[in-house]
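S.K.: Okay, here's the structure, questions in a sec.
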Amino acid sequence: MSWATNEISAVILAGGKSSRMGRDKALLPRGGKTQLAHCFNLLTQMQLGELKVSGHYLEYPHLRDIESGIGPLGGIATALAHAAVRCRALLVVPVDMPLLTPQDIDRLLTESNELGGYYQGALFPLLLAITPSLEHTLKQVLANPNAQLRSLRTLLKQIDIQEIVPDREQKVRLMNANTPAQWLAMTAEK
């Protein structure tokens, strides 16, 4: 199945604590701009139905998490709650993937099934079909009293979305930069 970009609501997850990085990952410098600007520009090129940032960045269309402190699930739940009615799917991209390309997202949109998809070995980027079943399952995961089971991995185990096998080059591009050393290694001029 191939997803039409104009039917996709996208969210950039940028509301995390960035504790291992020691500073806000969204504001890391990247070619004279910030990493958030780089990520926003990359997704703007995709001509998506809508694009928002999960986090408090006033210069972008942004969302504040309905429930904070619960990691990526908080941003996903908020984005689902605010997705435009015309959108059939939610594309979730974290701000800390400096090597992600439009081709990686194109492949995700092309190879995902009717419920969505993600790359094997990486949780993001993630495509989720906006369905009552997804919303119900997400609510169940968020309501779990066991904090270890309130996770994106738990959600993905409970929904039948496509797991896409990345090629060797994609595996590198799908890595997150969580520490200063990782950021430098990934963004250094080659």
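The values are calculated or read from the model by the stated rules, or taken from the named source; none is laboratory data. These figures come from a predicted structure and were not determined experimentally. Quick reminder, even Gly has a Cβ in these numbers, built from the backbone with ideal geometry, and neighbours come from all protein chains shown.
S.K.: How many residues, within the range 55-76, are touching a Lys or Arg at 6+ places or on another chain (Cβ under 8 Å) and either among the aliphatic types (A, V, I, L, M) or outside any loop (DSSP other than H, G, I, E, B) (or both)?
M.R.: Of the residues in that region, 4 qualify.
S.K.: Also, quick follow-up: Residues 122, 181: which one is over 26 Å from residue 8 (Cβ atoms), at pLDDT below 95 and of a type in the set (Gly, Ala, Ser)? So that I can check it myself, show each step before the final result.
M.R.: Details: 122 fails: over 26 Å from residue 8 (Cβ atoms).
Only one candidate qualifies: 181.
S.K.: Only one residue in 64, 86 is under 19 Å from residue 5 (Cβ atoms), surrounded by fewer than 21 Cβ atoms within 10 Å (Cβ to Cβ), charged (D, E, K, R) and modelled with pLDDT under 95. Which one? Explain how you work it out, then say what you get.
M.R.: Numbers: 64 fails: under 19 Å from residue 5 (Cβ atoms).
Step by step, each of 64, 86 is checked, and only 86 is under 19 Å from residue 5 (Cβ atoms), surrounded by fewer than 21 Cβ atoms within 10 Å (Cβ to Cβ), charged (D, E, K, R) and modelled with pLDDT under 95.
S.K.: Kindly indicate whether residue 23 is closer than 19 Å to residue 105 by Cβ and more than 17 Å from the chain's Cα centre (by Cα). Don't jump to the end; show me each part of the working.
M.R.: On the way: closer than 19 Å to residue 105 by Cβ: no; more than 17 Å from the chain's Cα centre (by Cα): yes.
Judged against the criteria, residue 23 is not a match.
S.K.: Please find, within the range 160-190, the residue that is nearest to residue 96 (Cα to Cα) out of those that are in contact with a strand residue (DSSP E or B) (Cβ under 9 Å, 6 or more places away or on another chain) and surrounded by fewer than 16 Cβ atoms within 10 Å (Cβ to Cβ). Steps first, answer last, please.
M.R.: From the range 160-190, those in contact with a strand residue (DSSP E or B) (Cβ under 9 Å, 6 or more places away or on another chain) are 160-166, 170-171, 174, 176, 187; that's our starting set.
The next check asks that each one be surrounded by fewer than 16 Cβ atoms within 10 Å (Cβ to Cβ); those that pass are 160, 163, 165, 171.
Numbers: 160: 26, 163: 21, 165: 21, 171: 15 Å.
My answer is 171.
S.K.: Against the definition (of a type in the set (Gly, Ala, Ser), at pLDDT below 95 and over 28 Å from residue 25 (Cα atoms)), how does residue 143 come out, yes or no? Show your work before the answer.
M.R.: Numbers: of a type in the set (Gly, Ala, Ser): yes; at pLDDT below 95: yes; over 28 Å from residue 25 (Cα atoms): yes.
Criteria met by residue 143.
S.K.: Considering only residues that are loosely packed, with under 15 Cβ neighbours inside 10 Å and either in contact (Cβ under 8 Å) with a residue 40 or more places away in the chain or of a type in the set (Lys, Arg) (or both), which ones fall in the range 114-137? Please lay out each step first, then the result.
M.R.: Step one: of the range 114-137, the residues loosely packed, with under 15 Cβ neighbours inside 10 Å are 114, 120-121, 132-133, 135-136.
Selection gives 114, 120, 121, 135.
S.K.: Also, I was wondering about something else. Looking at this structure, is residue 37 within 24 Å of residue 183 (Cβ to Cβ), part of a helix (DSSP H, G or I) and of a type in the set (A, V, I, L, M, F, W, C)? So that I can check it myself, show each step before the final result.
M.R.: On the way: within 24 Å of residue 183 (Cβ to Cβ): yes; part of a helix (DSSP H, G or I): yes; of a type in the set (A, V, I, L, M, F, W, C): yes.
It is true that residue 37 is within 24 Å of residue 183 (Cβ to Cβ), part of a helix (DSSP H, G or I) and of a type in the set (A, V, I, L, M, F, W, C).
S.K.: Next question, about the same structure. May I ask you to say which residue of 1, 97, 21 is touching a strand residue (DSSP E or B) at 6+ places or on another chain (Cβ under 8 Å) and touching a residue at least 60 places away in the same chain (Cβ under 8 Å)?
M.R.: Details: 97 fails: touching a strand residue (DSSP E or B) at 6+ places or on another chain (Cβ under 8 Å); 21 fails: touching a strand residue (DSSP E or B) at 6+ places or on another chain (Cβ under 8 Å).
None of the other options fit; the residue is 1.
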